[in-house]
Every structure is written in structure tokens, then in C-alpha cells.
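Since the structure comes first, as C-alpha cells, the remarks are kept for the end.
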Protein chains: 2
Amino acid sequence: MPLSQCTHPPSAAPATTQPDTEHLCRLLAHVPLLEGLNPDELARFARGVREQNVEKGTVLFHRGDPCHGFHLVLCGQIKLAFTSAEGQEKVIEIMRPGQSFGEAVMFMEKPYFVMAQALTDSRLLHIAKNVVFEEMDRDPTFCRRIIAGLSARLHHLIADVETYSLLSGRERIVGYLLREEESSGEPGLCGRVSIRLPTSKGTIASRLNLTQEHFSRILHELAEAGLIVVEGRTIHIPDVERLRTTSARY
Amino acid sequence: MPLSQCTHPPSAAPATTQPDTEHLCRLLAHVPLLEGLNPDELARFARGVREQNVEKGTVLFHRGDPCHGFHLVLCGQIKLAFTSAEGQEKVIEIMRPGQSFGEAVMFMEKPYFVMAQALTDSRLLHIAKNVVFEEMDRDPTFCRRIIAGLSARLHHLIADVETYSLLSGRERIVGYLLREEESSGEPGLCGRVSIRLPTSKGTIASRLNLTQEHFSRILHELAEAGLIVVEGRTIHIPDVERLRTTSARY
DNA sequence: GCCTGACCTTGATTCTGGTTAACTCATGGA
DNA sequence: TCCATGAGTTAACCAGAATCAAGGTCAGGC
């Protein structure tokens, strides 16, 4: 269990702990991007890696900040979002353990154009630009991984655009619930499952490009139709198959 | 002028012409992704390159088709779009000469998830997967370019998401006009410029996530406010600065 | 000169989703 | 205990944009 739960409060550790190569290597060995690197390579990486423990609400970077590397979530949740001139916020993505962000900006050598904020107390790694670039020159398969990662990100984002522009609010929510259901190792039992929202409804609403109010209304409608049962942040789905086929607008 | 206008109709040439290494190398030498490669490297590439002349309306690939390489537009315009279950279409991007598409899908080794169709008679190159992969193993700087390209694409797409979710239809259109104005080498003269829409209004509307009707209405409103003058596909902007500052919702 | 089809516009109407604002409820101090 | 806070809900109302339904315009073909 490399990317396990947080040691709940960021403990007495300073916000950014000092390098401890051995410890870092253990963590790095399980990062998807670095899997399969040998100990020497990992050690090279460790030079540029910094562990960060941040509390809920901490802003990792704002739009416009310079970018010196990329981040990797060990535990907790980080939201990526932008803010409009009028101060309203739109959540682009909620990053979960094992995911990384900021690579694209790093490769473009431009400032961040979104902001990142911890939704819960979180632990992450920051990998400095220079060690990434060095490793890229050294190892073509590492380049391949990066390319694969960026491609997947791109794919994901296009799927989001499709979702935003072709699906109604209701369909987006149903789709979200079904995806959450799939990714949370299902208990196998017939079609009856429960899922727990990873964060506040307001944040998820924004992620789906809805207002909190509208999100609330739609959940209510779905509940009224007997498709789901809402219990705080836990949502029970009595019949997944039925929910899936209900997408066909009401 | 490497990427010049089309020899208007795709001439008598077959839809896919046979390799002619010398000719291809001349074309390849000016492709952004390949700039600076030496003749040997270009020749290696040429083995996997195919020139395509397609007429308006030709579908290059559908969603679900397997991907064997990526495409590069020499002249003409190609639209990338997806279609919803109910048959409505959403244009993601309109590719212009010098731009390439399909790389991300190629690197993921998955089928296409959007479709590509020529908006005008067009000439393009298809670069086969295997020569790209070979070159990547051989040349780390080539990898860097690909990474830079993918990163830029990602950035672009996130900017689109921002646009879709934070801006009103009117603001999106104004933004689009201003961007077109910038990219078309301005005639320098004070603030007065004219731009020509690259394709039909319906397609541009879809690109901006609007219906054709709504697009038409907004153009009308802008014209009424004296911000633009519409003359078929040509749009005159009497005062660019004024248009820019008008974004501040009406 | 007329017909056709593609493209565009316009008006009436509907609807999805946003806005505003009041209210509930749980939590956690001080 | 009381209050402050933040999350969530609800309802009334409004607006931006889609849909539906005609028309209009224009270029090309016959």
C-alpha cells in the first residue's frame, strides 16, 4: 500500500520536509510515472524531489505563478480550478492519490494558468523540472511514459469537453455517479451499491459545470424517481443498470 | 511559402499519391514538428509518409476507427468533431495549414474518439506510427518536440474549457473575433480591420458551443451596437479596442 | 429565367440552468 | 450555552440559449 491514507493531521512535520533519500526512493518506486526505474535512477530523481504536507485549504500555486516542476498526490485531494474575472470558480479536476499534475505547464516553461488547492489535508511530492529534463535526455523510455501520460490527459480532457457540450446536467451527474461506482471497487453484489462523494457537493457540482443549487435539485429529482438514495455524502444506488439506462433524458 | 494554397481542385492526382521521396522531403522540411532534422532523418521519415488530397466533405476517419499515424494539414481546413447519440454534432477544433492532429490517439494505441472531415478541398500528409516511434527511440530532441506539442495542445484545450464554462456566448464570439484578428497579420492601420471567417457560420457556431441561430443573433446584436459590420463571411471591426473592452457583458 | 440547395436570418416559444435569498443543520469553539 | 461558520436545501424568479418554424439570399445548373 504505497499511497495509503494520510497520517491524519500533517503531524508535527514542517510543511516541506528535508530530503531523506532512502525514504523518498521508497515513495518514488511506486509512482506510476517512475515505475520500473532502477535504484540508481530513483536516487538521481530523489535529488529533485521534495515531500510536501499541506493542510486543507492550502493553495499550492495560483494562476500566474512560475512553475518549477510537477506535483504528485500521495494522499488527500487537490482541486485544480480557474477563477473568472467576477470571482466565480470552475473546478477542472479533482486529483486523487497516484495522480500528478502540472507537467504540461512545466514542459511549456510558462506560468501556471490554473490554481491548485488542497481539499483535504494532503501529502504530495514535488518533482523539480531539472531532474525530469535530465532523465529525459538519458532515458528514451522515460520520454515515452511522459508522452503516454500527456496523451491520456489530453484524451481525458476531450472527453470532458464532450460531456460539457453534449450532455445535460442530469446526464452529467448520472455519468459521474456511474464512473465513481466503477472506480470504487464494487462489492459485486447484484446491482446495489453505495458510493461516497470524495468531497463537498459544491465542489463536485463545479467539476460538472453546475451550480451547487442545480446539483442539489437534480439529486433530489433522481431520488424522487427512486434511482438513488441520498444520505449526506453517501449515495446509494439500488439498481445500477436502471440508473445507467435512465440517461435517456427524462 | 512551404504550406501555400491548394492547387485548387485536388487536381487529377489520385486521392493518395505514391511516395516520391524527394518531393516529400521538401514538404517535410517545413513541418513544425520536424524542422531542423537533417536530410537523412527526413528521408527516414519519408518512408512512412503519404500525401493525401481530399475533397470537401471527405471524412478522414470516424470515431472508433483504428489509428495508424497522425495527420498534418498542408492546405485547406479539417474539422475535428464528435457526434452525440441524437445525431447532433459538436466541432472541437478547426485545423489549419501547419497544424497536426491525431498524435495523442496514436500514442495511446487506441481508436479515434473524434471524427475528422475536410471543410474544403485539402492537402495533407499522413505520417505512419512506426516511423514516429523509430525516430523517438533514436532522437531525444524529437521526443522533446512531441512533448512540447502535446503540452501546447493540452494548454489550448484547457483554455477552451475555461472559455466554455466561464464566458457567455457573446463573450466567446467577441473573443473568437479578436483572436482571428490577431492571427491574421493585421494591416497595422489604426484600429480598423476586417477578418474573413475561415468557414461557414454554422461550423464556427458549433466550435464556440452555440447553435447557428444564436450565433447569428449575437452577430446581429454586435452589429447593432456598432461594434462590427457583417458582410457575408467578412466581418469588419471599426475599432478593435472598443470591441475588446466590450466583453464586459451588455 | 427559373429552380434548387446550401447557408443564413428572424421571430415565437420553451427550457435548462443560474440567481437570489431564506432556511436548516451539524460542528466546533470560547 | 451560545454563537459563528460552512454545507446543504428549497423555492421563486429570471435569463441565456436551444428549439421550432418560416422565410430570405445567393450561386450554380439547366
Item checked: Neighbour-limited loop hits for trypsin sites (Lys or Arg not before Pro), region B:44-129 (at most 15 other Cβ within 10 Å; DSSP other than H, G, I, E, B) -> B:Arg47, B:Lys56, B:Arg63
Next item on the list: Run the numbers on chain B and let me know its relative contact order in percent, using alpha-carbon pairs under 8 Å that are six or more apart.
Entry: 18
Checklist line | Rounded accessible area per residue of the protein assembly as shown, 1.4 Å, Å² | finding: 47
Checklist line | Accessible area buried between chains B and A, both sides summed, probe 1.4 Å, in Å² to nearest 100 | finding: 3500
Next item on the list: Between A:Lys201 and B:Arg44, take the C-beta separation as r, use R0 = 56 Å, and let me know the FRET efficiency to the nearest 0.05.
Entry: 0.55
Note to self: Run the label-point distances for A:Ser84 please: 7 Å along Cα to Cβ, every other copy, nanometres, shortest first.
What the structure shows: 2.1
Notebook entry, point to check: Taking a label point 7 Å from the Cα of B:Glu89 along the Cα→Cβ vector, which residues of region B:121-141 have an amide N closer than 16 Å to it?
Noted result: B:121-122
Checklist line | Tilt relative to chain A, helix A:129-138 - C-alpha long axis, 0 to 90 degrees, to 10 | finding: 70
Margin query: Among A:His68, A:His23, A:His220, which one shows the highest mean-square fluctuation when chain A is modelled as a Gaussian network with alpha-carbon springs under 10 Å?
Written below: A:His23
Check: Roughly to the nearest percent, how much of the accessible area of region B:124-185 is carbon and sulfur, given a 1.4 Å probe?
Finding: 54
Checklist line | MRE, 222 nm, helices only [DSSP H, n ≥ 4, -39500 (n - 2.57), over chain B, to nearest 500] | finding: -12000 deg cm²/dmol
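With every protein chain kept in the model, how would you rank A:Cys25, A:Cys75 by accessible area, 1.4 Å probe, largest at the top?
Per-residue accessible area, sorted high to low, gives A:Cys25, A:Cys75.
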Margin query: Checking buried surface per residue: for region B:95-120, which residues lose a minimum of 10 Å² accessible area in the protein assembly relative to the chain alone (1.4 Å probe)?
Written below: B:Ala104, B:Phe107, B:Met108, B:Lys110, B:Phe113
Notebook entry, point to check: By how many degrees, 0 to 90 and rounded to 10, does the Cα axis of helix B:140-166 deviate from the longest principal axis of chain B?
Noted result: 20
Next item on the list: Output, in nm with one decimal and in ascending order, the distances from the A:Glu35 label point to the matching label points of the other copies (7 Å from Cα along Cα-to-Cβ).
Entry: 3.8
Notebook entry, point to check: Along the positive direction of the dipole of region B:110-250 (beta-carbon charges: Lys, Arg +1; Asp, Glu -1; about the Cα centre), which of B:Asn209, B:Leu227, B:Ile173 reaches farthest?
Noted result: B:Asn209
Notebook entry, point to check: Along Cα→Cβ at 7 Å, what distances in nm separate the A:Met108 label point from those on the other copies, shortest first?
Noted result: 1.9
Notebook entry, point to check: Once a ≥ b ≥ c are taken as the square roots of the eigenvalues of the Cα gyration tensor of the protein assembly as shown, is the result rounded (a/c under 1.5), prolate (a/b larger than b/c) or oblate (a/b not larger than b/c)?
Noted result: oblate
Next item on the list: Would you mind counting up the charge near B:Arg44? Only other residues with Cβ under 9 Å from its Cβ, with Lys and Arg at +1 and Asp and Glu at -1.
Entry: -2
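The values are calculated or read from the model by the stated rules, or taken from the named source; none is laboratory data. All values derive from a computational prediction rather than experimental measurement. So basically every Cβ, Gly included, is an ideal-geometry build from the backbone, and we count neighbours across all protein chains shown. Just so you know, the surface numbers come from the protein's heavy atoms only, side chains and all, with ligands and any DNA or RNA stripped out. Shrake-Rupley method; radii C 1.70, N 1.55, O 1.52, S 1.80 Å.
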